Amino acid sequence: MAKYYQRPDGLFETSRKINGKRVMFRGKTCREVDRKILEYHEDVAKGRPFPVVADEWYASKDGEISRSCWNVYGYSVRRLKAVFTQRIGEITTRDLIRYVRAFERDGYAGGTVDIEITVIKQIFTYAVVESGDIAISPAAEVKKSRGLPKKKRSALTEDQERAVENFRGENWLFGVMLLYTGMRRGELLALDWRDIDRHGGWISVTKKLNYAYGNTPHLEGFVKNRKDHEVPLFNALERVLPTNRVGPIFTDN
């Protein structure tokens with residue numbers, strides 16, 4: 001007796017409900033139908049392609065986190081998608097560790113590596129908990145190496161401050177404005193002359209240049225971790241600022 005229904009054309013046929021969807025299987029023999037059912041289950045267990053799941057996770061974060069953080073996560077997603085093009089269930093812990101080690105060798109600081117690992121872990125957690133593409137995350141044991149370089153910042157000495165104030169070589173204005181405003185580099189590079197209110201004594205900070213993805217800066221209409229704000233225009237800075245200028249203050253970004 002045949003294991004499955006045999007159609008008038010001689011093919012054997014059956015259906016299975018898998019993940020809420022009715023799937024038909026056909027073959028010349030019952031054994032062939034069995035093989036196709038097994039292969040389908042194995043294929044489903046691998047999940048969808050990683051880029052599809054990564055994009056879906058990234059879209060789910062829009063509105064949940066700050067715009068600046070969302071953009072930084074986007075750079076990580078692009079890097080990951082360029083490397084992992086296979087189905088998400090085919091990616092192993094070893095694959096992810098190799099990726100992180102290669103990322104570290106590129107010279108990224110520890111904080112940047114932390115962000116990359118955070119994105120990796122969140123994508124795979126999403127694939128387990130939300131989308132159901134995989135049953136277990138291979139990212140649980142992914143950690144950064146010890147002793148990675150850290151960005152260190154220290155205040156200028158008085159002699160260094162005087163050197164900045166007196167310097168009039170190339171890009172002197174950039175150094176002086178950094179000294180007297182305390183603005184981030186990306187915020188300063190995005191300034192336009194109209195952002196400076198000489199009468200009110202303020203500099204409006206409403207945007208920034210982001211260099212997080214490659215060497216091409218992206219102008220973003222928001223600033224990091226805070227709302228638009230104003231920076232005091234000190235007299236020492238106002239006295240040395242050129243007058244009657246329009247357009248971007250710094251054009252070689």
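Could you pull out every whole DSSP H run in the chain that spans at least 24 Å of Cα extent along its own axis and averages 1.6 or higher on the Kyte-Doolittle scale?
For the chain, where a helix must reach 24 Å along its axis and average at least 1.6, there are no hits.
Sorted by accessible area (1.4 Å probe), largest first, how do F50, F234 line up?
So the residues, ranked largest to smallest area, are F234, F50.
Could you give me the percent of Cα pairs per 10 Å distance bin for the range 80-182, shortest bin first, beginning at zero and ending with the bin that holds the maximum distance?
Bins of 10 Å from zero give 13, 31, 18, 15, 15, 8, 0 percent of pairs.
Once R0 is set to 35 Å, what does the formula 1/(1 + (r/R0)^6) return for the Cβ-Cβ distance between L178 and K46, expressed as a FRET efficiency to the nearest 0.05?
Using R0 = 35 Å, I get an efficiency of 0.10.
Cross-link candidates for K144: which aspartates and glutamates have Cα within less than 13 Å, leaving aside residues fewer than 8 places away along the same chain?
Leaving aside aspartates and glutamates fewer than 8 places away in the same chain, those within reach of K144 are E104, D114, E116.
Give, in nm to one decimal, the length gained when the segment between I37 and A102 is fully stretched (0.36 nm per residue of separation minus the Cα-Cα distance).
19.5 nm
Please compute, for the alpha-carbon atoms of the range 144-209, the extent along each of the three principal axes and give them in descending order in Å.
That gives 51, 30, 21 Å along the principal axes, largest extent first.
So what is the relative contact order for the chain, in percent, with contacts set as C-alpha pairs under 8 Å and at least six apart?
Taking the mean separation of contacting Cα pairs over the length of the chain, I get 13 percent.
So how do L178, L188 rank on accessible area, 1.4 Å probe, biggest first, that is with the largest at the start?
L178, L188
For a test of the definition: using alpha carbon positions, the gyration tensor, and the 1.5 limit on a/c, classify the range 53-117 as rounded, prolate or oblate.
Here the range 53-117 falls in the oblate category.
Roughly speaking, what is the stretch gain from R7 to R162, that is 0.36 nm per residue apart minus the C-alpha to C-alpha distance, in nm to one decimal?
46.7 nm
Ordering E39, E141 by accessible area with a probe of 1.4 Å, largest first, what comes out?
Greatest to least solvent exposure: E141, E39.
Considering every Cα-Cα pair within the range 1-118, what fraction, in whole percent, is farther apart than 22 Å?
55 percent
Just how many % of Cα pairs in the chain lie over 32 Å apart, if you round to the nearest whole percent?
48 percent
Once label points are set 7 Å from the Cα along Cα→Cβ at both C69 and R198, what is their separation, rounded to one decimal in nm?
In this crude spin-label approximation the distance works out to 4.1 nm.
Could you compute how much accessible surface M183 exposes when probed at 1.4 Å, giving the result in Å² to the nearest 10?
Number for this one is 10 Å².
The values are calculated or read from the model by the stated rules, or taken from the named source; none is laboratory data. These figures come from a predicted structure and were not determined experimentally. Positions of Cβ are generated from backbone atoms using ideal geometry, with glycine treated the same way; all protein chains shown enter the neighbour counts. In case anyone asks, the SASA skips ligands and DNA or RNA and just uses the protein heavy atoms, side chains included. Shrake-Rupley method; radii C 1.70, N 1.55, O 1.52, S 1.80 Å.
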